[in-house]
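The structure appears below as structure tokens.
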Amino acid sequence: MTGAQTVQPPRGRETVSFRTWAGFLAMCIGMFMAILDIQIVASSLTNIGGALHLPSDDLSWIQTAYLIAEIIAIPLTGWLTRMLSLRILFFAATLGFTLASLGCAASTSESLLLAARIVQGFCGGMLIPAVFTSVFVMFPQRQQLLTTTIAGSFAMIAPTIGPALGGYMTQMSSWHWIFLINVPPGIAVSATVFACLPSRRPDWKAFRQIDYGSILAAALFLGSLELLLKEGPGRNWHGPLVTPLLVVCPLAAAVAVGLCLGRPHPFVNLRRFRDRDFSLGCLLSFVLGTGLYGSTYLMALFLGFIRHHSPLEIGLIMAVTGAAQLLTAPGAAFAETRVNARWVAVVGFALFGAGLFANGFTTARTDFDGLFWPQLLRGISLLLCLLPATRLALDRWPADDLAEASAMFNLMRNLGGAIGLALIDTILERRTAGHAADLVARLTAGDRETARFVGLPLFRFHNVPLGPIDPMTRMIVKPLVERAALTQSFNEAWLALALGFLLALCILPFIGRKTALRAA
């Protein structure tokens, strides 16, 4: 499968019409909406959970449902573009995204919200690759740098303003508006794209080439894997839910892999992983996804559950990362084209990992000042990770294979995000009770540093046992201990994400060696 269009771009000196530009800018707005929808939800997660009475460990499903649906949609975009045309695909995907946003806002239960988020993620997952396909399909080569820059700017601004915008709308009105905001521009984008993009007769032969069996098997594998990772640890890996999942998940994976290797037009061409650089590059993309989506999720939960900030305050604090990313983008692009990609990636993954590591030593009183520098490090380093990793993974692929290889590289980032969220939930759910028991034991023993960490007055703690504690004191201390225990679990989750970036640094010396030797 390939994401390239069969339509030839305009020749070098051919003038691009106003309608084409209008259609392209409308597509950029549609892509902006799809990227925004991950970030805009983050600052309102705790608010949505409270309104729909969701357990705290179910909040990640709001993001995971979107990411998993995107993983399925990204490889399908090329097929559907050839089958329907770029115009019809983008029109249908934007309209579906808009209707799903309306469904999210109207949801009154977790199941309805997740169903709408799946549709939203599936449709949104097609918008991003379709925009970058349009750059090469609709414009001559002399204008492709300009159009790529325009599309990239839209993609960069979305994560910068997303958290603050989502927090503002939730606080000033309600969480429903973070989804309703998509409806007016979604309708306008759909109408503009349908009216302005060139039409082409659908190619129904491509429809018959789609391997539905591998798509269903892959979807079943990803869904059961996420459910297993979230539910398995809490149920000690057995029970009426977990035991069937332990059978279904590997079986679906085996079927999906078999079909992808055995069909002439597979859903995902797994044979590409024979290329070592591509495989290692995809692993880097996976690690980056765990850090990118995992850090956003952890920040939102920490600021909501530990610091008890409002959605707007959460959004403003989280905007630091996006602003740093936007401001340093020109420097990252300059470095990526003039410095060895491996060295740029080493700097990027080291800085991002350092930002995660620094967050692993927070206390229940850590706020904007303590969170500023770790966020700044992650914002500065994001493109220093993404740009060279993309080049290292895709640099040697011929043009005909590049679109499919790029789609696989990008879906690995989403897969890393989905699995990273499940890992975070497992740590927060399973480790907090043990930390609380340990904190109680140390407080009872009179440990002064533990009392300082929990936030208790220090005059009673002299590293000697306290003796009997009355019920009133226990009642007062209990919420402080629970908050401190949850903070320790957050710290462990941050450090677990940082460990993945340490692994990435160990991988980097082995990627790109074949290319370097061939060049030499």
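No value in this document is a laboratory result; all are computed from the given coordinates. In this text the structure is predicted, and so the values were computed from the model without any measurement. Cβ sites come from the backbone with ideal geometry, for glycine too, and all protein chains shown count toward neighbours.
In terms of overall dimensions, region 35-137 has a Cα radius of gyration and Dmax of 14.6, 47 angstrom. At the listed q of 0.28 Å⁻¹, the Debye profile of region 211-266, built from one uniform point per Cα, gives log10 I(q)/I(0) equal to -0.98.
Under the combined filter of DSSP loop state and at most 16 neighbouring Cβ atoms within 10 Å, region 176-247 retains these chymotrypsin sites (Phe, Trp or Tyr not before Pro): Trp237. A dipole drawn for region 325-464 from +1 and -1 charges on Cβ atoms has a positive end, and of Leu421, Thr444, Pro330 the residue lying farthest that way is Thr444. Considering helices alone, the calculated mean residue ellipticity of the chain at 222 nm is -27000 deg cm²/dmol, with DSSP H runs of length four and up weighted by -39500 (n - 2.57) and normalised per residue.
Near Pro233, within a Cβ-to-Cβ distance under 11 Å, what is the net charge of the other residues, with Lys and Arg +1 and Asp and Glu -1?
Values: positive: Lys230, Arg235, Arg430, Arg431; negative: Asp57, Glu231, Asp425, Glu429.
Value of the local net charge: 0.
Give a quick list of chymotrypsin sites (Phe, Trp or Tyr not before Pro) in region 352-414 that DSSP marks as loop, anything other than H, G, I, E or B, with at most 16 other Cβ atoms within 10 Å. Here the chymotrypsin sites (Phe, Trp or Tyr not before Pro) that fit, given the DSSP loop and packing criteria, are Phe361.
Cβ crowding within 10 Å, taken as a proxy for footprinting-reagent exposure, orders Cys28, Cys123 from fewest neighbours to most as Cys28, Cys123.
Using only the Cα atoms, what convex hull volume per residue in Å³ does the chain have?
Dividing the Cα hull volume of the chain by its residues yields 162 Å³.
In region 198-327, the ratio of gyration radius to Kirkwood radius, Rg to Rh, stands at 1.10 when only Cα atoms are counted. Taken over the Cα atoms of region 368-520, the convex hull encloses 155 Å³ per residue.
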